[in-house]
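First comes the structure, then the notes that go with it.
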Amino acid sequence: MALFRLGTPETPTTVRGEGVYLRAPEPRDFPAWAALREQSRAFLTPWEPTWPPDDLTRSAFRRRLRRYADEMAEDEAYPFLLFRAGDHRLMGGLTLGNVRRGVAQAATLGYWMGQPYAGHGHMRRAVAAACDFGFDTLRLHRIEAACIPANAASRALLERAGFQPEGLARAYLKINGAWEDHLLFARLESDRAR
């Protein structure tokens, strides 16, 4: 239940950014999503939770979509796929999750990029668009993110996107089968004025 929500956020069909757009996943996305995730498996594995054995199956994708729909309906999370604007190519995904209302008005940012598209600034532009959506549409005060200290690309992305470092959380998330420390970052709505 969303307490102290300021207005009812409408889940947009599309969140537009510079040369990219974000859209909630749909059943038609399964083939491109599964192919990109499989192609990028070795690239993503060090930074993600262990994938279930059936993760890339159509039935698992349908379950994922049902969970996403429930989370959006309950104002708990807003998952998006990331597309390149010019050719509508699926490049990755991004979620504003763990939405907390009441006195917090906060969410947690998570993201993944397919290996062929990494390092070209696409995710930085997607994160900027997602933050605008979080602050303007969801009316959040704070967006948090975390990354493993060894993930230099993710750390640089967050810093370029205006996130400020806030500390280290020991054994914060179970990533690739092991509890990993994470650097904590946050961006406030008021940081946009700087």
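Every number here is computed from the coordinates shown, using simple stated rules; none is lab data. Here the structure is a predicted model, which is why all the values come from computation and not from measurement. Backbone-built Cβ (ideal geometry, glycine too); neighbour counts: all protein chains shown.
In the stretch 152-194, of all residues being polar (S, T, N, Q) and not in a strand (DSSP E or B), the one that is surrounded by the fewest Cβ atoms within 10 Å (Cβ to Cβ) corresponds to Ser190.
Taking the stretch 100-111 as the search range and keeping residues that are of a type in the set (A, V, I, L, M) and part of a loop (DSSP other than H, G, I, E, B), which one is farthest from Asp132 (Cα to Cα)? Filtering first and then ranking leaves Val103.
In the stretch 170-187, the residue that is farthest from the chain's Cα centre (by Cα) out of those that are farther than 12 Å from Pro49 by Cβ and of a type in the set (D, E, K, R) is Arg170. I want to confirm something. Restricting to the stretch 84-99 and keeping residues that are assigned to a loop (DSSP other than H, G, I, E, B) and among the charged types (D, E, K, R), which single residue is nearest to Phe30 (Cα to Cα)? Looking at the filtered set, the residue picked out is Arg89. Of the numbered criteria (1) more than 20 Å from Ala32 (Cα to Cα); (2) touching a helix residue (DSSP H, G or I) at 6+ places or on another chain (Cβ under 9 Å), the one Leu94 fails is (1).
Within the stretch 85-99, if we keep just the residues that are surrounded by fewer than 18 Cβ atoms within 10 Å (Cβ to Cβ) and out of contact with any Lys or Arg (no Cβ under 9 Å at 6 or more places or on another chain), the residue that is nearest to Gly134 (Cα to Cα) turns out to be Gly97.
Within the stretch 139-151, the residues that satisfy the criterion of being in a strand (DSSP E or B) and of a type in the set (Gly, Ala, Ser) are Ala145, Ala146.
Restricting attention to the stretch 112-132 and to residues that are part of a helix (DSSP H, G or I) and within 12 Å of the chain's Cα centre (by Cα), the residue that is farthest from Leu188 (Cα to Cα) turns out to be Met123.
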